[in-house]
Amino acid sequence: MRRDDAISNKMDWVTVLIYIVMVLLGWFNIFAAVYDETANQSIFDFSLNSGRQLMFIAASAIIILGILIVDMRFYEAAGWLIYGAVIFLLILVPIIGKEVGGNKAWLGIGSFGVQPSEFAKFATALVVAKIIGAVGFRMDRPRNQMILFGIILVPMALILLQKDFGTALVFTAFLLVFFREGMSPFLLIIGMAMAIIAILTLIVENQWYLHGGIVVLALIIVFFGKRTVKRILTIGVGALIIIGTIESFDYVINNVLPVRHKKRLEALVDPNFDPMGINWNVTQSKIAIGSGGFSGKGFLKGTQTKFDFVPEQSTDFIFCTIGEEHGWVGSLVVVGLFVTLMLRIVFLAERQKNRFARVYGYGVASIFFFHFAVNIGMTIGLFPVIGIPLPFFSYGGSALWSFTILLFILLKLDAHRSQMLGRL
């Protein structure tokens, strides 16, 4: 029997090609973000982010090889073990971790470190897929929903202890997986309503205006609808819950959130808020992207990049470099690559004969979508700056390895989909 049943013949090479193109484009743009034309720098210089990123890329190739060699059944069988190991590392971070950029989220020795929170994404995706993929699992049972919410809340809570609010929010992407597998859309609607209420809490200074508006709206609904006792009580209780939620958000925003997070939320709803402080990154980011015009200033020609106007330009704000040096055309190509990749992942997920593989595929798609939408949204002022990387483009070993593992486990499962037991 041929080893791994000739996996090279069954690998989805379209997705692999997209991955390679994105990683290489990311590498070039990381170099552009740190390039200094007066220093005669090379993209292979290991003292630069681009040189170190090349080492991370080489390590990714080794990781891919390992994923493809390991038996496909390992990923389902060892899901809980991997999850437990990552949770243990997350517990260690606040104790022995080191602080980088204001977040104590790293484990390491000397200059080398890894970010366990990045690996928690694929570990959680494996466990969620294992639970939902179990024989007889039903998403409409409250007990099952509580278990799944607990699985994503544990890493979220531990990551919040690291003050890494952005990475913690990524785990909310699993709600899309739950919805795909049969969870009532009511919970998603509730989540969207909560987000709208939170934004209104920020916009309206006097909360009594919101309270009055809700009461008036409730009275209008009662007046123009059927006035049964049950319906009036339901509307009244709903209005009280909304008012209580507003008060809760107001308290959390003003008394619980760190000052910098509160300012970022205020900057989201008011573009003119603190332009020289908390809003500096976004303002300069939009200037950089807008200055690129239709076709950009050219590779290594970005002036905003050269003069370091945009902080964190090779990590969280890497899309600024793309927009400035390659313009609308380059930005469209990058967005097109991400959309194509995510559609491809959904296609791979849907053709799986095994529920575990399908659910895992949707977990991968959801995580990629969250990172893509929020990171680019940050750079153009649509989302608050919460510090999450753009997959395959932002500088960093932990992020690159995590996204690589997420994607290639799916490709491994897909290559052997005909050998996996169907539990749909």
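Please report the base-10 log of the normalised intensity I(q)/I(0) for the stretch 125-234, using a Debye sum with one equal scatterer per alpha carbon and no solvent, at each q in 0.11, 0.14, 0.19 (1/Å). The Debye formula, applied to the Cα set alone, gives -0.58, -0.82, -1.03.
Among the protein heavy atoms of the chain, carbon and sulfur supply 70% of the accessible surface, probe 1.4 Å, non-protein parts ignored.
For the stretch 361-367, putting each phi into the Karplus relation 6.51 cos²θ - 1.76 cosθ + 1.60 with θ = phi - 60° gives couplings of x, 5, x, 4, 4, 5, 5 Hz, in residue order, rounded to whole numbers and with x for Gly and Pro.
Each Lys or Arg adds one and each Asp or Glu subtracts one; over the other residues with Cβ under 15 Å from the Cβ of L90, this totals +2. Over the chain, what is the mean sequence separation of C-alpha contacts under 8 Å (at least six apart), divided by residue count, expressed as relative contact order in percent? Relative CO of the chain lands at 25 percent. Per-residue ellipticity at 222 nm from helix content only, as computed over the chain with -39500 (n - 2.57) for each DSSP H run of at least four residues, stands at -22000 deg cm²/dmol. Under a 5 Å amide H cut-off, with hydrogens placed 1.01 Å from N, F383 pairs with M378 among residues at least 5 apart or on other chains.
Charged side chains reduced to their Cβ positions (Lys and Arg at +1, Asp and Glu at -1) give the stretch 63-165 a dipole of some 240 debye around its Cα centre. In the chain, a dipole from Cβ-located charges (positive for Lys and Arg, negative for Asp and Glu) runs towards its positive end, and of I388, V21, L406 it is L406 whose Cα lies farthest in that direction.
Using the structure shown, list the pairs from K104/K412; K130/K163; K163/K286; K104/K301; K121/K163; K10/K121 with a Cα-Cα distance above 23 Å, or answer none.
On the way: K104/K412 34 Å; K130/K163 29 Å; K163/K286 26 Å; K104/K301 35 Å; K121/K163 17 Å; K10/K121 26 Å.
Going by Cα-Cα distance, K104/K412; K130/K163; K163/K286; K104/K301; K10/K121 fall outside the 23 Å limit.
Farthest toward the positive end of the dipole of the chain, out of V346, P142, Q284, is the Cα of P142, where the dipole comes from beta carbon charges about the Cα centre. The phi torsions of the stretch 139-146, fed into the Karplus equation with coefficients 6.51, -1.76 and 1.60 and a -60° offset, translate into couplings of 6, 7, 8, x, 4, 5, 5, 5 Hz, rounded to whole numbers, with Gly and Pro shown as x.
Quick one: putting +1 on the C-beta of Lys and Arg, -1 on the C-beta of Asp and Glu, what dipole do you get for the chain around its Cα centre, in Debye to the nearest 20?
Value, rounded to 20: 1620 debye.
The convex hull of the Cα atoms of the chain, projected and averaged over all directions, covers 24.2 nm². With the simple model of a label 7 Å out from the Cα in the direction of the Cβ, S47 to F74 spans 4.0 nm.
Placing pseudo-labels 7 Å out from each Cα toward the beta carbon at L382 and V229 gives an inter-label distance of 5.0 nm.
Quick one: grab the alpha carbon gyration tensor of the stretch 1-152, order the square roots of its eigenvalues as a ≥ b ≥ c, and give me rounded if a/c is under 1.5, else prolate or oblate depending on whether a/b is larger than b/c.
It is oblate, given that a/c is not under 1.5 and a/b is not larger than b/c.
Between V222 and I189, the FRET efficiency from the beta-carbon distance, with R0 = 22 Å, is close to 0.55. Accessible area ranking (1.4 Å probe, heavy atoms, ligands and nucleic acids excluded), largest first, for R141, R358: R141, R358.
Across the stretch 52-65, coupling constants 3J(HN,Hα) worked out from phi with the 6.51/-1.76/1.60 Karplus curve, θ = phi - 60°, read 5, 5, 4, 5, 5, 5, 4, 5, 4, 4, 5, 4, 4, 4 Hz, and Gly and Pro carry x. Take H326: with every protein chain present and a 1.4 Å probe, its accessible area is about 60 Å². Descending by average beta-carbon neighbour count within 10 Å, the peptides 125-134, 32-41, 221-230 line up as 125-134, 32-41, 221-230, the highest first. Averaging the Cα positions of each part gives two centres, and for the stretch 35-68 and the stretch 367-412 these lie 18 Å apart.
Each 5 Å bin from zero up to the one holding the largest Cα-Cα distance in the stretch 287-356 carries the following percent of pairs: 4, 18, 21, 17, 11, 8, 7, 6, 5, 3, 0. Ranking I64, F186, G298 by Cα position along the charge dipole of the chain, where only Lys, Arg, Asp and Glu carry charges on their C-beta atoms, puts F186 farthest toward the positive end.
The values are calculated or read from the model by the stated rules, or taken from the named source; none is laboratory data. Predicted model, so just to flag it, every value in this text is computed and none were measured. All Cβ positions, even for glycine, are placed from backbone atoms using ideal geometry, and neighbour counts span all protein chains on display. When the accessible area is computed, the model is the full protein with side chains, heavy atoms only, and any ligands, DNA or RNA have been set aside. Shrake-Rupley method; radii C 1.70, N 1.55, O 1.52, S 1.80 Å.
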